[in-house]
Amino acid sequence: MAMEVRRRVPPPHGSAPSAHPRRRAAATGEERVRLQAGDALPLPIRHTNLIFSALFAASLVYLMRRWREKIRASTPLHVVSLAEIFAICGLVASLIYLLSFFGIAFVQSVVSNSDDEDEDFLIDSRAAGPRAQPALAPAPAPCALLGSPAVAPEKMPDEDEEIVAAVVAGKIPSYVLETRLGDCRRAAGIRREALRRITGRDMEGLPLDGFDYASILGQCCELPVGYVQLPVGVAGPLLLDGRRVYVPMATTEGCLVASTNRGCKAIAESGGASSVVLRDGMTRAPVVRFQSARRAAELKAFLEEPANFDTLAVVFNRSSRFARLQGVKCAMAGRNLYMRFSCSTGDAMGMNMVSKGVQNVLDYLQDDFPDMEVISISGNFCSDKKSAAVNWIDGRGKSVVCEAVIKEEVVKKVLKTNVQALVELNVIKNLAGSAVAGALGGFNAHASNIVAAIFIATGQDPAQNVESSQCITMLEAINDGKDLHISVTMPSIEVGTVGGGTQLASQSACLDLLGVKGANRESPGSNARLLATVVAGAVLAAELSLISAQAAGHLVQSHMKYNRSSRDMSKALAEDTDKTKKC
């Protein structure tokens, strides 16, 4: 029986074409259509699906009721009436249709997404006869393989085109797109297209899809146009305080994860490492100015008077359920007064929390010191995202010490060196060498490497790697010089397990791997402190491994093995030159 074959006519010029660029490249101006799974049906596919779905449900309900009545009446089930026969046929037919339809749709979706078939049955609409042949997409030119654009950018819907043009012309600010459109992904795509037209750069390697832009709205990143991919490696298990921890590290530096992993192995084979949190308090230091230094000194005395602390704490602690004022330290520069407030912040890193508490105190002080002029909520005495002695001495965030004793046989077997060489190198390099350089908190081999990698993987503020990486590494020979005692002291590790980037899916997964995801309801702040000890433990492992590699003279060899491509670059350059000449 002949059936009418309905074709899907492509949209007219100006509407959105196919999303696949190679399919658009295959178009030669002729109208073409693509056969679908339901094109041979006499009714629209949605109507057909509805009819068979209703038939299946009605037949099933009718048969179930009839069979229940037969069981109650002790009637044999194989005795069926004409209505029951029709119901059985309807049930079987609808079941076959539904299984076949969705099966075909699934197979077709797989085939259409395959990279090997760019066009599944392209038919010239002007050749309606049975001899119409599928049109194939032309192969890309050789120059396209070298990075030249092979096709024009995908044309956007007319509505989006108008918005892009308005953004390019400056009529619509780019930062209001999310609010106006109500679609964060669409806003990012429009902003990206506007940027492409303004700069002439395609940003082909920067992915756009596959990210939840709504999750960053108003808290992580503004004006997004895509996201950057970073590989995440895992070092471990790190045996720390009796727990086996696998440490996620986001980095593009070769050898870093492998080296940290070797340090974890040496620590584990020696019985593990232990840690202690000395302090836990985030700081914020506003700066105010008076007409005279004497007046500034009066406020300094008021803030440092123990009898006034309880009142200040009540005012400060109103900002949050978890904010608890710990102390105030003041410093003067002429008539300028710098007040360094320190407070506990639960499982949050706590910058916003302490800032709100400080604002409450400033408002309170304004009543008794009306001549106080607030210059800034932050006067750099905090000190945030800057290397400073105040953080090294008084601490900021979590102050952690982590230590381990590495057995002599492990030093020789795993680290390929000896205890005396490690102790000597640490003194000459990490202690004396850093002193010669005038280092501030940099008495270590590469603590910032590990801190940055863990910070990025777990959603911390990467800029706070500056003060969080302050570390002094100590190595001593113990047990008559046979074994090695190693420790790292890190006075300002600034981490949190709630807020900021910790809520993003990838970063949340890394926190979950460490067992510190979210807030600890039973003991607020314990998850953040545990994360700080993991950071210190990973630094301990990485310091141990790198110092050993340098003592044994293996640093260059390991980087040449793990951090360099084995591809013959001179040969590759020659191949690219030949391709360019052919083009």
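The values are calculated or read from the model by the stated rules, or taken from the named source; none is laboratory data. In this text the structure is predicted, and so the values were computed from the model without any measurement. For neighbour counting, all protein chains shown are included, and Cβ atoms are generated from backbone atoms with ideal geometry for every residue, glycine included. These accessible areas exclude ligands, DNA and RNA; they are computed on the full protein's heavy atoms, side chains included. Shrake-Rupley method; radii C 1.70, N 1.55, O 1.52, S 1.80 Å.
Details
- Scan region 263-306 for residues that are in contact with a Lys or Arg (Cβ under 9 Å, 6 or more places away or on another chain) and of a type in the set (Val, Ile, Thr) and the total you get is 2.
- Being of a type outside the set (Asp, Glu) and within 19 Å of residue 545 (Cα to Cα) is a description that applies to residue 256.
- Qualifying residue in region 169-189 (condition: outside any loop (DSSP other than H, G, I, E, B), farther than 21 Å from residue 226 by Cβ, modelled with pLDDT of 95 or more and out of contact with any helix residue (DSSP H, G or I) (no Cβ under 6 Å at 6 or more places or on another chain)): yes
Residues checked against (1) open to solvent by 20 Å² or more (accessible area, probe 1.4 Å); (2) at positive phi; (3) within 21 Å of the chain's Cα centre (by Cα):
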site	(1), (2), (3)
440	yes, no, no
447	no, no, no
465	yes, no, yes
486	no, no, no
489	yes, no, no
493	no, no, yes
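- Looking across 512, 480, one residue alone is without any contact (Cβ under 8 Å) to a residue 24 or more places away in the chain and on the phi > 0 side of the Ramachandran plot. It is 480.
- Some residue of region 62-83 being open to solvent by 80 Å² or more (accessible area, probe 1.4 Å), at pLDDT 85 or above and among the aromatic types (Phe, Trp, Tyr): yes
- Residues that are out of contact with any Leu (no Cβ under 9 Å at 6 or more places or on another chain) and part of a loop (DSSP other than H, G, I, E, B) do occur in region 253-262.
- Residues in region 412-423 that are in contact (Cβ under 8 Å) with a residue 24 or more places away in the chain and either surrounded by fewer than 14 Cβ atoms within 10 Å (Cβ to Cβ) or small (Gly, Ala, Ser) (or both): 420, 421.
- Remark: pairs (first residue in region 216-231, touching a residue at least 12 places away in the same chain (Cβ under 8 Å); second residue loosely packed, with under 13 Cβ neighbours inside 10 Å and among the small types (Gly, Ala, Ser); Cβ separation under 9 Å; 6+ apart in sequence or on different chains) = 227/210.
- Total residues in region 473-517, condition assigned to a loop (DSSP other than H, G, I, E, B), among the acidic types (Asp, Glu) and under 22 Å from residue 404 (Cα atoms): 1
- Taken over region 393-411, the criterion of being touching a helix residue (DSSP H, G or I) at 6+ places or on another chain (Cβ under 9 Å), in a helix (DSSP H, G or I) and surrounded by fewer than 18 Cβ atoms within 10 Å (Cβ to Cβ) is satisfied by 408, 409.
- Within region 494-540, tally of residues that are within 14 Å of residue 248 (Cβ to Cβ) and of a type outside the set (D, E, K, R): 21
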